[in-house]
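Comments concern the structure below.
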Amino acid sequence: MINAMPDGFSLRLQEGWAGVRAELPILAGVAPFGMIYGVLAMQAGLPVSAAQCMSFILFAGSSQFMAVPLLAGGVPALILIFTVFVINLRHALYSAALAPRLQHLSPLWKGLLAYLLTDEMFAVSITRAPGPLTHWFYLGAGAALWTCWQISTALGIFLGAQIPDSWSLDFSLPLTFIGLVVPALKDRPALLAALTAGLTAVLAYGLPNKLGLLLAALVGISAGLLGERLWKSG
Amino acid sequence: MEIWLIIIGAGLVTFLTRLSFIALQGRWQPPELLQRGLRFVPPAVLTAIILPELLMPGGQLHLGLDNLRLLAGLAAAATAWRTRSVLWAIAVGMGSLYLLQAVSGWLAR
């Protein structure tokens, strides 16, 4: 009985644990982000339950950051939901990249992994060589991130009132996005998409209800596509 | 009440976005334009959020050396370019902002 073949259960456990371990270094950046979200939500006057449930239901940091001032500012519901949709549209890219690897799974697994699919979970998962048990790896990575996000949100909510405005914590949102976007500007069409979108957002800033953001996204994506065609043929 | 409708609605569109291609794999081939366009969503959307935050703190266009958020943001961008690390970009950006605030406070005395 010594050293029998590892059974299916322990293999799954191993794979899941490998996912947790791969996610750990990223959590160092996610934990402060979650705390800051909680603090901002409290400073904006959201109810505690709404702030925490947003982490639970949306589980999408950047869109939660954007939603906080909009919620507090009484922006119409449909516009807010559409803004969240545009910010989270990049997840469709991750969904497309992981889809072939998840094709053999049950609908329940697909739903669960889709719920957990975030920037940070994707970053770790896409580097893992696909195998018959890799979905346990994805689950481990996603669950680690999920747990960290819920706990750090709760901590931020708890600390909320004690952190003064002068700490400029809201500045961490554009900084996080700078960290995500700058390394991704690898070619000219992507750079063009970013610059035209950014410029449009500044010029259209006066439009009500963050419509400038939506307009900017549209302009940027179109410019990227045009640029791609232009530089490919040229 | 409305806040809960918004949160649930926003959660639903986010979940469906994440599920989209996973659920449709093998059943539907997305049009080519959509596949190519998706690539530009992150840079376009994220930059559209970043630039107004840097160039117009307080809602007014503000270009100049006394726009501390712009300077700190540029430092963060340079850091992100060199290190490719979100964590370093945040650390350098926040650090620069605090430093610049301290210096400008000292100069104003």
Once the mean of 1/r over all distinct C-alpha pairs in region A:185-234 is inverted, the Kirkwood radius in Å reads 10.9
When A and B pair up, the total accessible heavy-atom area removed from solvent (1.4 Å probe), in Å² to nearest 100, is 6200
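Other chains near A:30-37: what is the mean number of their Cβ atoms within 10 Å of each residue's Cβ? It would help to have the intermediate numbers written out before the result.
Working: counts 2, 0, 4, 3, 0, 0, 1, 0.
Other-chain Cβ atoms within 10 Å of each residue's Cβ, averaged: 1.
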Within the set A:Trp136, A:Trp146, A:Trp109, GNM on chain A using Cα springs under 10 Å gives the largest fluctuation to A:Trp109
Net charge near A:Ala99 (other residues with Cβ under 14 Å of its Cβ; Lys, Arg +1; Asp, Glu -1) is +4
Note on region A:11-167: C-alpha Rg/Rh, Kirkwood Rh, two decimals, gives 1.01
For region B:61-109, the Cα convex hull volume per residue in Å³ comes to 68
With bins of 5 Å, the percent of all Cα-Cα pairs of chain B per bin from 0 is 2, 10, 11, 15, 13, 12, 13, 11, 7, 4, 2, 1, 0, 0
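Using only atoms on other chains, find how many Cβ atoms lie within 10 Å of each Cβ of peptide A:197-206 and report the average.
Values: counts 11, 11, 4, 4, 11, 7, 2, 2, 7, 1.
Mean shielding count: 6.
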Interchain or sequence-distant (5+) residues whose placed amide H lies within less than 5 Å of the amide H of A:Ala60 are none
Once the in-chain neighbours fewer than 8 apart are removed, the lysines whose Cα is under 28 Å from A:Lys232 read A:Lys186
In a Gaussian network model of chain A with springs linking alpha carbons closer than 10 Å, the residue among A:Val86, A:Val181, A:Val39 that fluctuates most is A:Val181
accessible surface per residue for region B:53-94, probe 1.4 Å, DNA/RNA/ligands not counted, whole Å² -> 56
Judged on accessible area alone, 1.4 Å probe, highest first, A:His91, A:His104, B:His62 line up as A:His104, B:His62, A:His91
From DSSP H assignment alone, runs of 4+ in chain B each adding -39500 (n - 2.57), the sum over residues rounded to the nearest 500 puts [θ] at 222 nm at -25500 deg cm²/dmol
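Shielding by partners for A:108-119, please: the mean number of other protein chain Cβ atoms within 10 Å of each residue's Cβ.
3
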If one builds a Gaussian network model of chain B from Cα atoms under 10 Å apart, the most fluctuating residue listed among B:Val41, B:Val13, B:Val86 is B:Val13
Note: the protein assembly as shown, point scatterers on Cα, Debye, no solvent; log10 I/I(0) at q = 0.08 Å⁻¹ equals -0.40
Hull volume per residue for region A:95-234, using the convex hull of the C-alpha atoms, in Å³ is 176
With all protein chains present, region A:11-167 has a carbon and sulfur share of its accessible area (1.4 Å probe) in percent of 74
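The values are calculated or read from the model by the stated rules, or taken from the named source; none is laboratory data. Predicted, not measured: the structure shown is a model, and the values here were computed from it. Please note: Cβ atoms are built from the backbone with ideal geometry, for glycine as well, and neighbour counts cover all protein chains shown. All accessible areas refer to the heavy atoms of the entire protein, side chains included, with ligands and DNA or RNA removed. Shrake-Rupley method; radii C 1.70, N 1.55, O 1.52, S 1.80 Å.
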